[in-house]
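Beneath this line is the structure, given in structure tokens, with notes to follow.
The values are calculated or read from the model by the stated rules, or taken from the named source; none is laboratory data. Please read these numbers as outputs of a predicted model, since none were measured by experiment. No Cβ is skipped: glycine too gets one built from the backbone with ideal geometry, and neighbour counts run over all protein chains shown.
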Amino acid sequence: MSPVTGRIDSIPEIFPIFPLTGALLLPGGRLPLNIFEPRYLAMVDDALGSGRLIGMIQPDYTAPAHETGPALYRQGCLGRIVAFSETEDGRYLITLLGVVRFSIVEEAEMRRGYRRVHGDISDFRHDLAGGAPLPEPMTAKGVSRDRLLESLHRYFVATGVDANWDAIEEISDPALITTLCMACPFTAIEKQALLEAPTEAERAAALLALLEINGHGPHE
């Protein structure tokens, strides 16, 4: 997993957002996207010409909709376009690298059909450190790699996932946590909880809890 790089002064105050249920982007993670709606094709075109940044965020269907579309969770994650290709039928295949989480201050005026927000990253400056080890050891939150992998195995059996365990064994702790949080088919609410975990250690603890709950029973 490539390190996250960025500076606070390089993050714009207003940026486009891509609301997508179940899509979780975390700092340092890579999220492939298949873009085909005209408004989001326009969004990618504009982003490629101005910093390559797009905010991923989930709609919040428990709240009243806005004039611009579904209500949104307050927190999302900014990603930088690091891969781009165009298909013969006009779709864009892009990959976002997670840079920094943000909180929505307010929505900005729409542009070419896509939504934009005023975002605040001040609570997430540590996301920009990039490549740093876990702020706290996983054991500080009662998590060990062995316990995490054991729970992951039970979860994969319960959900019918066929995993490449050799590859999993080689991944570093921070990369493993980020990858599992993004890739596992958790609910939108569960993914939002993982995004909003203040530290990687707390995210690891939340991930472990979800694996144990969804893997049919707590760790013995």
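Does Ala201 count as modelled with pLDDT of 90 or more and of a type in the set (Gly, Ala, Ser)? Working first, answer last.
Details: modelled with pLDDT of 90 or more: no; of a type in the set (Gly, Ala, Ser): yes.
So Ala201 does not fit the description; no.
Conditions tested, residue by residue: (1) within 30 Å of Asp123 (Cα to Cα); (2) among the polar types (S, T, N, Q); (3) touching a helix residue (DSSP H, G or I) at 6+ places or on another chain (Cβ under 7 Å); (4) assigned by TED's automatic domain parsing to the domain that holds Leu31.
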residue: Val143; (1), (2), (3), (4): yes, no, yes, no
residue: Val157; (1), (2), (3), (4): no, no, no, no
residue: Ala163; (1), (2), (3), (4): no, no, yes, no
residue: Glu170; (1), (2), (3), (4): no, no, no, no
residue: Ala204; (1), (2), (3), (4): yes, no, yes, no
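Name the strands (runs of 3 or more DSSP E) wholly within the stretch 1-112 that hold at least 1 residues that are hydrophobic (A, V, I, L, M, F, W, C), touching a helix residue (DSSP H, G or I) at 6+ places or on another chain (Cβ under 6 Å) and within 24 Å of Ala193 (Cα to Cα)?
Values: elements: 14-19, 30-35, 53-57, 75-86, 92-111.
In the stretch 1-112, the matching strands (runs of 3 or more DSSP E) lie at 53-57, 92-111.
Assess whether Pro198 counts as being part of a loop (DSSP other than H, G, I, E, B), in contact (Cβ under 8 Å) with a residue 24 or more places away in the chain and out of contact with any Leu (no Cβ under 8 Å at 6 or more places or on another chain).
On the way: part of a loop (DSSP other than H, G, I, E, B): yes; in contact (Cβ under 8 Å) with a residue 24 or more places away in the chain: no; out of contact with any Leu (no Cβ under 8 Å at 6 or more places or on another chain): yes.
The answer is no for Pro198.
Within the stretch 157-172, which residues are assigned to a helix (DSSP H, G or I) and free of Cβ contacts under 8 Å to residues at least 40 places away in the same chain? Don't jump to the end; show me each part of the working.
At the first step, the residues of the stretch 157-172 found to be assigned to a helix (DSSP H, G or I) are 157-159, 165-170.
Result: Trp165, Asp166, Ala167, Ile168, Glu169, Glu170.
How do the pairs read when you match residues in the stretch 65-85 that are on the phi > 0 side of the Ramachandran plot with residues anywhere that are in a strand (DSSP E or B), using Cβ under 7 Å and keeping only pairs 6 or more apart or on different chains?
Gly69/Pro19; Gly69/Arg115
Pick from Met1, Met43, Met56: which is modelled with pLDDT under 95, of a type in the set (A, V, I, L, M, F, W, C) and not assigned by TED's automatic domain parsing to the domain that holds Leu195? Write out each step before concluding.
Values: Met43 fails: modelled with pLDDT under 95; Met56 fails: modelled with pLDDT under 95.
Going through Met1, Met43, Met56 in turn, the sole match is Met1.
Results for (1) closer than 19 Å to Met110 by Cβ; (2) surrounded by fewer than 14 Cβ atoms within 10 Å (Cβ to Cβ), shown as yes or no for each residue.
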{"site": "Leu41", "(1), (2)": "yes, no"}
{"site": "Asp46", "(1), (2)": "yes, no"}
{"site": "Ser50", "(1), (2)": "yes, yes"}
{"site": "Leu53", "(1), (2)": "yes, no"}
{"site": "Gln58", "(1), (2)": "yes, no"}
{"site": "Tyr61", "(1), (2)": "no, yes"}
{"site": "Ala65", "(1), (2)": "yes, yes"}
{"site": "Leu72", "(1), (2)": "yes, no"}
{"site": "Gln75", "(1), (2)": "no, no"}
